[in-house]
Protein chains: 2
Amino acid sequence: MQKIGFIGTGVMGAAMITNLLDAGYPVTVYNRTKVKADAVVAHGATWADTPAEVTRQADIIITIVGYPKDVEEVYFGKDGIFSGAHAKQIIIDMTTSTPALATKIANYAQAHDIAALDAPVSGGDIGAKNGTLTIMVGGSETAYHAVEPIFTVLGHQINLFGQAGAGQHTKMANQIMIAATMIGLSEMLVYAKAANLDLQKVLMTLSSGGADNWSMDNYVPRILQGDFQPGFYAKHLLKDLRIALDGANEMHLDLPGTKLAERLYTKLSEEMHLGDEGTQALVKLWASFQ
Amino acid sequence: MQKIGFIGTGVMGAAMITNLLDAGYPVTVYNRTKVKADAVVAHGATWADTPAEVTRQADIIITIVGYPKDVEEVYFGKDGIFSGAHAKQIIIDMTTSTPALATKIANYAQAHDIAALDAPVSGGDIGAKNGTLTIMVGGSETAYHAVEPIFTVLGHQINLFGQAGAGQHTKMANQIMIAATMIGLSEMLVYAKAANLDLQKVLMTLSSGGADNWSMDNYVPRILQGDFQPGFYAKHLLKDLRIALDGANEMHLDLPGTKLAERLYTKLSEEMHLGDEGTQALVKLWASFQ
């Protein structure tokens, strides 16, 4: 069985590692904050002290860390993946990161006879736990097919979208759709509350027709209960929107809805300091939901 | 059985009248353009020459016309409903119109011992045909219960939301949600196309997770086939957004997403003259989909 190296044992990574261990894969792990790896090590993973060390002990290296700068550090930094990598390995970055960085990693890898895939996911902590993530992949078909059995342990809806960066671009398309929906559901609630409507009844009515969407069905009940716990951090959606807008700029696209979403989530995260709440906290931009 | 008067035999009205006739109700009809009533008259409806004349022959009068100014004309104009109305009748405006006009009609009606409901619908021509409309009602509980059997012929999800105007407010909440979703799906497609992604695969992937929504599932396939036929006219969504923003202004609410949607649909309808296409034509604001 292929030996897996896994860097990043946060909520997502830990659940994915557990599924890989349960499927019989040997997994060596590293995390910047070591204590966050305790649970997976107790479950059977092997600890290594650096990304380079993880890489030396594995056939396939998976990363899922926080921000593009963390990806950069983990791959290109001191004791990073590339300082421990050797020919014929496959590296997979599952962080939601920039298409440009995915391309940079892929180019560097190719020059050293290493295969690289970008493979961001959606489905959140529950999808990670249940092995039902959606996985959006960019890179070579050969590498994709070589690791498909591993993806199948982690997710259900798995697709190759093209060359390096295509996985990240698909994830950006996903986040663009979600961000607009979050604005819509917030303004819908703000309007309905001001009009003194029964918000539960409004939700039931809107869900039954053309206004229906996953975010409304899942987040509005939480908002109405005052639950702003993160299913997905507001600050992470903000990071994604900035990546999407950078990508749009490079492609000379004007996306006014996505720009508005970036402005609103910036206000939420950086002025109101609510970036550690869930994306549904957007509705707190309006006084009636504070 | 209650005698129904029905004013407005457009796509929606004609389908609703057919269902009422099939359920056994006698229906008298009027339409500004008489020829558009031919089909329902052939199906068993009785023609009358003015809204006042329709009103004289009915217990319950239903209207579903185009714009608020048409509603105003039909109720308060020469030979309008109120010139033929008498005490104990029930009038129901199912046009998507302004909460303020709904209140004006209700106040006038109340002064003449007539009951009034505002009851806009969603579900489009298919919902009207199949009798599965969502009906959002404002007005008195007594009047609501008196006409509930009629609503049940026309729709499935039927709710009373409060006093006069509450039905219209609920419909506005619905349109606010939909408009943001239309921006999101347009920008998602524009981004994904520029990134050279397979758009069918992107749709399939996004539909499987947190980005899923009714509009994307129904309109993106049409867009990808170049089908911009109106399920719902872009110009009508624009009308609704202007009503919603007027309502928001009166309630001192700032809704930047809804304002953006109004600007974009204005550009589509009034600069590009595509208001007679479906709401999915929004994506034509970007050159890559023209």
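From the list B:56, B:32, which one is at pLDDT 95 or above, open to solvent by 60 Å² or more (accessible area, probe 1.4 Å) and touching a His at 6+ places or on another chain (Cβ under 9 Å)? Steps first, answer last, please.
On the way: B:32 fails: touching a His at 6+ places or on another chain (Cβ under 9 Å).
So the residue among B:56, B:32 that is at pLDDT 95 or above, open to solvent by 60 Å² or more (accessible area, probe 1.4 Å) and touching a His at 6+ places or on another chain (Cβ under 9 Å) is B:56.
Condition check: among the charged types (D, E, K, R) and in contact with a helix residue (DSSP H, G or I) (Cβ under 8 Å, 6 or more places away or on another chain). Does residue B:49 satisfy that? It would help to see each step written out before you state the result.
On the way: among the charged types (D, E, K, R): yes; in contact with a helix residue (DSSP H, G or I) (Cβ under 8 Å, 6 or more places away or on another chain): no.
Considered against the rule, which asks whether it is among the charged types (D, E, K, R) and in contact with a helix residue (DSSP H, G or I) (Cβ under 8 Å, 6 or more places away or on another chain), residue B:49 comes out as no.
Residues A:262, A:277: which one is open to solvent by 10 Å² or more (accessible area, probe 1.4 Å), within 30 Å of residue B:233 (Cα to Cα) and away from every other protein chain (no Cβ under 11 Å)?
On the way: A:277 fails: within 30 Å of residue B:233 (Cα to Cα).
Being open to solvent by 10 Å² or more (accessible area, probe 1.4 Å), within 30 Å of residue B:233 (Cα to Cα) and away from every other protein chain (no Cβ under 11 Å) holds for just one of A:262, A:277, which is A:262.
Being crowded, with 16+ Cβ neighbours inside 10 Å and farther than 26 Å from residue B:88 by Cα narrows it down to one of B:66, B:13, so name that one. So that I can check it myself, show each step before the final result.
Working: B:13 fails: farther than 26 Å from residue B:88 by Cα.
Checking each option against the conditions leaves just B:66.
Inside region A:131-150, can you point out the residues that are more than 13 Å from chain B (Cβ to nearest Cβ) and β-branched (Val, Ile, Thr)? Talk me through it step by step, then tell me what you get.
The initial filter retains those residues of region A:131-150 that are more than 13 Å from chain B (Cβ to nearest Cβ), namely A:131, A:139-150.
Matches in region A:131-150: A:142, A:147, A:150.
Any residue at all in region A:205-214 that's on the phi < 0 side of the Ramachandran plot, in contact (Cβ under 8 Å) with a residue 12 or more places away in the chain and of a type in the set (Val, Ile, Thr)?
no
Would you point out the residue of region B:210-223, among those that are buried (at least 21 other Cβ atoms within 10 Å of the Cβ) and within 9 Å of chain A (Cβ to nearest Cβ), that is modelled with the lowest pLDDT?
So the first thing to find is which residues in region B:210-223 are buried (at least 21 other Cβ atoms within 10 Å of the Cβ), and the list is B:210-211, B:213, B:215-216, B:219-220, B:223.
Okay, now just the ones that are also within 9 Å of chain A (Cβ to nearest Cβ), so B:210-211, B:213, B:215-216.
Values: B:210: 93, B:211: 97, B:213: 97, B:215: 96, B:216: 98.
Looking at residues that are buried (at least 21 other Cβ atoms within 10 Å of the Cβ) and within 9 Å of chain A (Cβ to nearest Cβ), I get B:210.
Which of the numbered conditions does residue B:169 fail, given that it passes all the others? Conditions: (1) more than 8 Å from every other protein chain (Cβ to nearest Cβ); (2) in contact with a helix residue (DSSP H, G or I) (Cβ under 8 Å, 6 or more places away or on another chain); (3) in contact (Cβ under 8 Å) with a residue 40 or more places away in the chain.
Evaluating residue B:169 over (1) more than 8 Å from every other protein chain (Cβ to nearest Cβ); (2) in contact with a helix residue (DSSP H, G or I) (Cβ under 8 Å, 6 or more places away or on another chain); (3) in contact (Cβ under 8 Å) with a residue 40 or more places away in the chain leaves (1) as the failure.
Does region B:151-165 hold any residues that are at the interface with chain A (Cβ under 7 Å from one of its Cβ atoms) and crowded, with 24+ Cβ neighbours inside 10 Å, and which are they? Walk me through it before giving the result.
Just the residues of region B:151-165 that are at the interface with chain A (Cβ under 7 Å from one of its Cβ atoms), to begin with: B:157, B:159, B:161-162.
Hit for region B:151-165 is B:161, nothing else.
Filter region B:244-290 down to the residues that are under 26 Å from residue B:101 (Cβ atoms) and among the aliphatic types (A, V, I, L, M) and list them by number.
Result: B:244, B:245, B:248, B:251, B:253, B:255, B:260, B:261, B:264, B:268.
Here is a yes/no grid of residues against (1) under 29 Å from residue A:197 (Cβ atoms); (2) charged (D, E, K, R); (3) crowded, with 24+ Cβ neighbours inside 10 Å:
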| site | (1), (2), (3) |
| --- | --- |
| B:62 | yes, no, yes |
| B:70 | yes, yes, no |
| B:73 | yes, yes, no |
| B:78 | no, yes, no |
| B:86 | no, no, no |
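Considering only region B:172-207, how many residues are open to solvent by 10 Å² or more (accessible area, probe 1.4 Å), out of contact with any Leu (no Cβ under 7 Å at 6 or more places or on another chain), within 7 Å of chain A (Cβ to nearest Cβ) and farther than 30 Å from residue B:240 by Cα?
Total meeting the criteria: 5.
In region B:74-116, what count of residues is obtained for those that are within 18 Å of the chain's Cα centre (by Cα), more than 21 Å from residue B:17 (Cα to Cα) and not hydrophobic (A, V, I, L, M, F, W, C)?
Counting residues in region B:74-116 that are within 18 Å of the chain's Cα centre (by Cα), more than 21 Å from residue B:17 (Cα to Cα) and not hydrophobic (A, V, I, L, M, F, W, C) gives 3.
Matching residues to (1) in contact with an Asp or Glu (Cβ under 7 Å, 6 or more places away or on another chain); (2) at pLDDT 95 or above; (3) hydrophobic (A, V, I, L, M, F, W, C); (4) closer than 19 Å to residue A:1 by Cβ:
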site	(1), (2), (3), (4)
A:145	no, yes, no, yes
A:161	yes, yes, yes, no
A:168	yes, yes, no, no
A:173	no, yes, yes, no
A:185	no, yes, yes, no
A:191	no, yes, no, no
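Note down all Cβ pairs under 6 Å where the first residue falls in region A:143-163 and is in the same structural domain as residue A:21 (by TED's automatic domain parsing) and under 18 Å from residue A:23 (Cα atoms), the second is open to solvent by 40 Å² or more (accessible area, probe 1.4 Å) and of a type outside the set (D, E, K, R), and they're at least six residues apart or on different chains.
Here the result reads A:153/A:23; A:156/A:132, each pair linking region A:143-163 to a residue that is open to solvent by 40 Å² or more (accessible area, probe 1.4 Å) and of a type outside the set (D, E, K, R).
Could you grab me the full set of residues in region A:265-274 that are part of a helix (DSSP H, G or I) and either surrounded by fewer than 18 Cβ atoms within 10 Å (Cβ to Cβ) or without any contact (Cβ under 8 Å) to a residue 60 or more places away in the chain (or both)? Please lay out each step first, then the result.
Kept after step one, since they are part of a helix (DSSP H, G or I), are these residues of region A:265-274: A:265-271.
A:266, A:267, A:268, A:269, A:270, A:271 - these are the residues of region A:265-274 that are part of a helix (DSSP H, G or I) and either surrounded by fewer than 18 Cβ atoms within 10 Å (Cβ to Cβ) or without any contact (Cβ under 8 Å) to a residue 60 or more places away in the chain (or both).
Considering region B:35-53 alone, what residues qualify as being under 19 Å from residue B:73 (Cα atoms), open to solvent by 70 Å² or more (accessible area, probe 1.4 Å) and small (Gly, Ala, Ser)?
Matches in region B:35-53: none.
Six or more apart or on different chains, Cβ atoms under 8 Å: show the pairs whose first residue is in region A:224-251 and within 14 Å of another protein chain (Cβ to nearest Cβ) and whose second is part of a loop (DSSP other than H, G, I, E, B) and of a type in the set (A, V, I, L, M, F, W, C).
Pairs found: A:244/A:255; A:245/A:255; A:247/B:195; A:248/A:255; A:251/B:195.
Does residue B:257 satisfy being within 17 Å of residue B:282 (Cβ to Cβ) and crowded, with 18+ Cβ neighbours inside 10 Å? Explain how you work it out, then say what you get.
Values: within 17 Å of residue B:282 (Cβ to Cβ): yes; crowded, with 18+ Cβ neighbours inside 10 Å: yes.
When the stated conditions are applied, residue B:257 passes them.
Kindly provide the set of residues from region A:101-130 that are more than 14 Å from chain B (Cβ to nearest Cβ) and open to solvent by less than 60 Å² (accessible area, probe 1.4 Å), ordered by number.
The answer is A:101, A:105, A:106, A:109, A:114, A:115, A:116, A:117.
The values are calculated or read from the model by the stated rules, or taken from the named source; none is laboratory data. These numbers were taken from a predicted model, which means no experiment stands behind them. Cβ atoms come from the backbone with ideal geometry, glycine included; neighbour counts cover every protein chain shown. Note: accessible area is taken over every heavy atom of the protein model, side chains too, but ligands, DNA and RNA are not part of it. Shrake-Rupley method; radii C 1.70, N 1.55, O 1.52, S 1.80 Å.
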